[in-house]
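Following: one structure in structure tokens, then a few remarks.
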Amino acid sequence: MAQTTFCNSNHILVGLGGTGGKILRAFKMRMFEEFPTQEERKKQPVALLYVDSTDEMMPQDGKARADFRVMGQDASFTRNEFLNIKAVDVEHILDHMATTPR
């Protein structure tokens, strides 16, 4: 049986800040509705990256967020989908470019 995808090339959707996070949340929740199993979602050539200086939209204390529930499933952002830019020391990186991993 042919693999069901909604697009034919790889995509990374990046959401910046609170508004970007809300848009990614809506997209991710729609993915859960359209592709109800994790196996189906893994086949889709789409990755998400939520970039923010706070972790407000992330699960807290290991508990799923109630506003990320779709059909009984937790659609919260994972640690692999989140980049906390407050924790990044940009000045240090720029001062040590030769030793910074690329």
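The values are calculated or read from the model by the stated rules, or taken from the named source; none is laboratory data. Computed from a predicted structure; not experimentally measured. Using ideal geometry, Cβ is built from the backbone for each residue, glycine included, and neighbour counts are taken over all protein chains shown. Side chains are part of the model used for accessible areas, which takes the heavy atoms of the whole protein and leaves out ligands, DNA and RNA. Shrake-Rupley method; radii C 1.70, N 1.55, O 1.52, S 1.80 Å.
Structure values in brief
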{"quantity": "Those residues of the range 52-84 which are open to solvent by 60 Å² or more (accessible area, probe 1.4 Å), over 14 Å from the mean Cα position of the chain (by Cα) and of a type in the set (A, V, I, L, M, F, W, C), in sequence order", "calculated": "66, 71"}
{"quantity": "Qualifying residue in the range 71-93 (condition: in contact with a strand residue (DSSP E or B) (Cβ under 7 Å, 6 or more places away or on another chain), basic (Lys, Arg) and in a helix (DSSP H, G or I))", "calculated": "no"}
{"quantity": "Failed criterion for residue 19 (all others in (1) exposed (fewer than 10 other Cβ atoms within 10 Å of the Cβ); (2) assigned to a loop (DSSP other than H, G, I, E, B); (3) of a type in the set (Ser, Thr, Tyr) hold)", "calculated": "(2)"}
{"quantity": "Those residues of the range 85-96 which are open to solvent by less than 90 Å² (accessible area, probe 1.4 Å) and touching a Ser or Thr at 6+ places or on another chain (Cβ under 9 Å), in sequence order", "calculated": "85, 87, 93"}
{"quantity": "Flag for residue 62 being of a type outside the set (A, V, I, L, M, F, W, C), modelled with pLDDT under 90 and out of contact with any Leu (no Cβ under 8 Å at 6 or more places or on another chain)", "calculated": "yes"}
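Here is a yes/no grid of residues against (1) within 22 Å of residue 10 (Cα to Cα); (2) at pLDDT 80 or above:
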{"position": "41", "(1), (2)": "yes, yes"}
{"position": "52", "(1), (2)": "no, yes"}
{"position": "79", "(1), (2)": "yes, yes"}
{"position": "93", "(1), (2)": "no, no"}
